[in-house]
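To start, the structure itself, in structure tokens.
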Amino acid sequence: MALNMKVARGWPFRSLLFVPGHKLDWIMKAPKYGPEGLVIDLEDAVPPAEKEAARPSTKKGITFLQSIGLGAFVRINPLSMGGVDDVLAITTPGLTCVVLPKVRDAGQIIELADLLSYAEGKAGVEHGSVGIMAVPETAEGLCDVRLLAGASKRVKSVMTAIIDRISDDVVFTGDTALAAGFVPTKEGLEQIYLTSKLCLESRAGGAPYPMATLIGTDLADPEAARRVALRMKSTGFAGCIAIHPSHVEIANEVFRPSAKEVEFQAGVLEAMRKAEQAGLFAVRYKGMMIDQANVAIAKRTIDEARRCGMSIPE
């Protein structure tokens with residue numbers, strides 16, 4: 001790594017932003033919106049006639065992102081539809097993660113993991129350093145998320161979408177909705193089981209950072225985007241993947257601990273420290289009983305606050 005290059009941010013990522021792989025100028029401009037990484041897309045956002053030409057610009061984009069310390073994710077095409085050539089062309093120092101769409105089974109994850117080992121060696125990249133984000137946009141994949149997450153140590157995340165609905169007359173579906181057979185509603189009750197199951201199974205399989213894409217939201221209504229992002233966080237997602245730049249700031253805000261959360265959790269740690277000094281392992285705090293089970297979440301919140309540059313109460 002060149003001396004002037006920053007160390008790229010690592011997991012977890014609060015916010016990622018999709019950018020088409022054939023638009024190098026867009027890749028260069030996207031960091032100004034404040035994402036912690038970009039998902040450079042070689043799949044749906046790139047016209048078929050430009051997919052091959054998009055690979056060199058994607059590789060240049062990865063190098064650029066490494067130089068400014070941002071995560072570099074690349075959504076490739078399915079392995080049987082050009083994805084193999086995508087991986088071989090774009091694997092380079094600074095590549096954080098390969099996003100594999102349309103995943104049906106664990107065999108596809110294993111195939112990609114093996115391909116990455118070869119591509120890393122060919123490109124002089126540290127073996128095992130490139131992660132995998134699985135996108136189970138098939139009924140089979142959605143049923144077997146734990147198997148996908150556990151198929152390789154490279155799998156850091158499983159991704160799905162939480163789909164909003166602007167009005168009764170406007171319905172956005174997408175591959176996941178089509179695969180599962182649901183029709184998105186404003187309330188999103190039809191998506192609760194699927195998204196909760198994905199978060200749980202992602203973690204159970206060893207991929208601790210499930211993420212969701214925010215789609216179908218009225219771009220003129222930032223409160224709608226905030227509502228959906230809050231639903232993501234409450235469900236258990238580690239971060240949000242934005243399609244529109246205006247949603248990045250909302251994702252960063254929602255997935256950053258609030259000042260009140262930090263104050264509360266710092267108080268939990270202090271209360272438990274004093275309790276242990278007194279020989280106690282449970283203590284009353286803010287009108288409730290807390291014990292060692294509360295310490296882990298408190299420490300995680302404080303660690304994340306530090307990563308976000310927030311001040312921690314003494």
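Nothing in this text is a laboratory measurement; each read-out follows from the coordinates by a stated rule. None of the values given here were measured: they were computed from a predicted structure. Virtual Cβ from ideal backbone geometry, glycine too; neighbours counted across all protein chains shown.
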Please give, to one decimal in nm, the separation of the simple spin-label points placed at Ala293 and Glu223, each 7 Å out from Cα toward the Cβ. 3.7
Cross-link reach from Lys32 to lysines, straight Cα distance under 20 Å and at least 8 residues apart if same chain, gives Lys6, Lys23, Lys59, Lys60
Round to the nearest 10 and give me the degree value, 0 to 90, for the angle of helix 51-68's Cα axis relative to the longest principal axis of the chain. 40
Top positive-direction residue, dipole computed over the chain with Cβ charges, set Met211, Ala271, Ile302: Ala271
At 222 nm, what helix-only mean residue ellipticity would the chain give, in deg cm²/dmol to the nearest 500, using -39500 (n - 2.57) for each DSSP H run of four or more? -12500 deg cm²/dmol
To the nearest 10 degrees, how steep is helix 222-235 against the longest Cα principal axis of the chain, on a 0 to 90 scale? 70
Along the charge dipole of the chain, which of Ile243, Val171, Gly141 sits closest to the positive end, that is, farthest toward it, with unit charges on the beta carbon of Lys, Arg, Asp and Glu (+1, +1, -1, -1)? Ile243
Taking the chain as a Gaussian network, Cα atoms linked when under 10 Å apart, which of Gly131, Gly216, Gly279 shows the biggest mean-square fluctuation? Gly279
Charges only on Cβ, +1 for Lys and Arg, -1 for Asp and Glu: so what's the dipole of the chain about the Cα centre, in debye to the nearest 20? 1000
Once you keep just the Cα pairs under 8 angstrom separated by 6 or more residues, what percentage relative contact order results for the range 15-254? 18
Looking only at chymotrypsin sites (Phe, Trp or Tyr not before Pro) in DSSP loops with at most 15 other Cβ atoms within 10 Å, what is the longest site-free stretch of the chain? 1-171
In a Gaussian network model of the chain with springs linking alpha carbons closer than 10 Å, the residue among Gly124, Gly236, Gly205 that fluctuates most is Gly124
Fluctuation leader among Ser15, Ser234, Ser67 - the chain, Gaussian network, Cα springs under 10 angstrom: Ser234
When you have a sec, figure out the Kirkwood radius of the chain from all distinct Cα pair distances and drop it here in Å to one decimal? 20.5
Cα long-axis angle, helix 192-204 against the chain (0 to 90 degrees, to the nearest 10): 90
Return, ordered by residue number, the residues of the range 225-247 whose backbone nitrogen is under 15 Å from a label point located 7 Å along Cα→Cβ of Asp44. 241-244
